[in-house]
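Read through the structure below, which is laid out as structure tokens, and then see the notes.
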Amino acid sequence: QVQLVESGGGLVQAGGSLRLSCAASGRTSSNYAAGWFRQAPGKEREFVAAISRSGGILYYADSVKGRFTISRDNAKNTVYLQMNSLKPEDTALYCCAARGGSSAYTGRSDYAYWGQGTQVTVSS
């Protein structure tokens with residue numbers, strides 16, 4: 001079992017930056033691939049970014065490519081999402097997810113473990 005806790009969300013103006021963190025406990029996150037998803041009110045949860053357990057494979061949604069960066073520190077059992085040039089349409093609840101495997105994964109159904117999420121609100 002892996003427990004995931006997100007932090008770092010908040011209210012920011014358009015053009016600003018935030019860094020989200022996802023801390024894993026239970027079994028170490030270094031053995032797990034991880035991803036970030038987001039869900040805006042009235043919309044389905046959508047893929048944002050994914051990283052393999054080694055950090056060598058990265059995937060991004062087209063909507064965040066060039067603005068967001070996913071990374072991990074396996075010594076700290078933590079995965080990060082650096083978000084720059086934020087837009088109002090980035091407003092959502094951001095959740096991290098984890099699963100076993102050596103690749104990076106972009107589907108919601110690919111993941112076995114989920115955190116509760118952290119709210120990001122971008123004002124115009």
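The values are calculated or read from the model by the stated rules, or taken from the named source; none is laboratory data. Bear in mind the structure is a predicted one, so any value in this text is a computation, not a measurement. Cβ atoms come from the backbone with ideal geometry, glycine included; neighbour counts cover every protein chain shown. Heads up: the accessible areas ignore ligands, DNA and RNA and are worked out on the full protein's heavy atoms, side chains in. Shrake-Rupley method; radii C 1.70, N 1.55, O 1.52, S 1.80 Å.
If the condition is being farther than 19 Å from residue 25 by Cα and either touching a helix residue (DSSP H, G or I) at 6+ places or on another chain (Cβ under 7 Å) or outside any loop (DSSP other than H, G, I, E, B) (or both), then region 71-94 contributes 82, 83, 88, 89, 90, 92, 93.
When you go through 86, 58, 20, 81 one by one, which is the residue that is closer than 20 Å to residue 124 by Cβ and either aliphatic (A, V, I, L, M) or open to solvent by less than 50 Å² (accessible area, probe 1.4 Å) (or both)?
Working: 58 fails: closer than 20 Å to residue 124 by Cβ; 20 fails: closer than 20 Å to residue 124 by Cβ; 81 fails: closer than 20 Å to residue 124 by Cβ.
Going through 86, 58, 20, 81 in turn, the sole match is 86.
Residues in region 24-52 that are closer than 16 Å to residue 74 by Cβ, modelled with pLDDT under 95 and surrounded by fewer than 24 Cβ atoms within 10 Å (Cβ to Cβ): 25, 26, 27, 28, 30, 31.
Within region 95-103, is there a residue that is in a loop (DSSP other than H, G, I, E, B), modelled with pLDDT of 95 or more and open to solvent by less than 20 Å² (accessible area, probe 1.4 Å)? Taking every residue of region 95-103 in turn, none turns out to be in a loop (DSSP other than H, G, I, E, B), modelled with pLDDT of 95 or more and open to solvent by less than 20 Å² (accessible area, probe 1.4 Å). The set of residues in region 1-17 that are of a type in the set (A, V, I, L, M, F, W, C) and open to solvent by 30 Å² or more (accessible area, probe 1.4 Å) comprises 5, 11, 14. A Cβ distance below 6 Å, combined with a sequence gap of six or more or placement on separate chains, defines the contacts here; from region 7-23, residues that are farther than 19 Å from residue 117 by Cβ reach residues that are hydrophobic (A, V, I, L, M, F, W, C) in the pairs 14/122; 16/86.
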